[in-house]
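In what follows, a single structure is set out as structure tokens and then discussed.
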Amino acid sequence: MRYDFVSKFYTPADECPHNLGKSDLYTYGNVCLKVHYGNYDWVDARHQCQKEGGDLIQIRDSGMQQFLQRVLSGQTSEDTAYWIGASDSESESHWKWVAGDPKMTYSHWSSGQGPSQSGFLFADGGHEDCALMNIHDGFRWHDYECSFFFYHFSFICQHDKLVHSHTHNTNGHHGSNTVFISQTFPDTTPLPTDAPIPTTPPDTGSSIPTTPPQTDAPVPTTPPDTQAPISTTDKVHLHNLYETTTEETVGPVIG
């Protein structure tokens, strides 16, 4: 059997849960990121993410941090901050992600924020248990009160990508945005050959006259030729060539 491979490149809308829509949707690694604009406190923002089947974003490496900076820098929104999924509500100054990681292995806190928070104005910072990304401070993280009428911001949700089936790629390469579909062609079917060129003329449907047309010449003294007429009843048999088509088998792609 011979195999050919076709690649399909997925958009974020193809790879992410369909209830997220298409706008303000991005993919990073094996997760989908949905940006929500508006005025929400941290508690309401997280509740909205959970209703969609995800949670607030958890930025676990500098690559994702830089990716978000590029994405949000290109937005026309005037939003100044975005809630993220970090909190120290269970233990003061012990920040962790909402997914339950025992500790953060990566962080991007601004000076005096997070574990080293020093409070704001007359507050000691003990109630500032939720984190956000501050656009005006180089996208560094700040801690704020989780539910306060003055602290309403946009937020970013994180979702797992949909799972797509992958077949083996003969080149050994796989990409996060590529699925390979195999096409099978049987190689036992012979190709059609040209029909032989006929050696006899086609039947014209009439016989060749045996006597010449009448002329004004004198009647010959010899008797007329009594030879039987020449028959052309041989016919050419035409053969129809049947072209055998190949059947194409496509591997399933889970949507």
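Bear in mind these aren't lab numbers, they're just calculated from the coordinates by the rules spelled out. Please read these numbers as outputs of a predicted model, since none were measured by experiment. Neighbour counts run over all protein chains shown; Cβ positions are idealised from the backbone, glycine included.
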* Structure fact -> Rounded to the nearest 0.05, FRET efficiency between D79 and N30 (Cβ-Cβ, R0 25 Å) equals 0.40
* Assuming R0 = 22 Å, can you tell me the calculated FRET efficiency for the pair K51 and H152, based on Cβ-Cβ distance, to the nearest 0.05? => 0.75
* Structure fact -> Pseudo-spin-label distance Q69 to N19, built 7 Å along Cα→Cβ, given in nm, is 3.4 nm
* Asked: Once label points are set 7 Å from the Cα along Cα→Cβ at both E92 and D61, what is their separation, rounded to one decimal in nm?
  -> 3.5 nm
